[in-house]
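Here's the structure we're looking at; comments come further down.
The values are calculated or read from the model by the stated rules, or taken from the named source; none is laboratory data. Computed from a prediction, not measured in an experiment: that's the story for all the values here. Glycine gets a Cβ as well: all are built from the backbone with ideal geometry, and neighbour counts include every protein chain shown.
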Amino acid sequence: MLHNLIAEFLGTALMIMFGVGVHCDEVLQKTKYKGSGHTFAITTWSFGITVCLFIFGGVCINPAMLYAKLS
């Protein structure tokens, strides 16, 4: 159980870091990907989710699903 909770926490943190990075790339003025659009955001988010699932062994990163699974 502790492994699942730690993996969920770290996986969520990693996805948030990808999301903040994508948002910063699109909004900040002096970035390489300024105004790159939805395709860049969707591709980066999908890459982030895939990396999280590979690193943490396919655990469910949705907190509601993890709680239901452990109950």
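Would you confirm whether any residue within segment 39-46 is modelled with pLDDT under 80 and not hydrophobic (A, V, I, L, M, F, W, C)? Looking through segment 39-46, none of the residues is modelled with pLDDT under 80 and not hydrophobic (A, V, I, L, M, F, W, C).
When restricted to residues that are in a helix (DSSP H, G or I), among the polar types (S, T, N, Q) and surrounded by fewer than 13 Cβ atoms within 10 Å (Cβ to Cβ), segment 8-44 contains 2.
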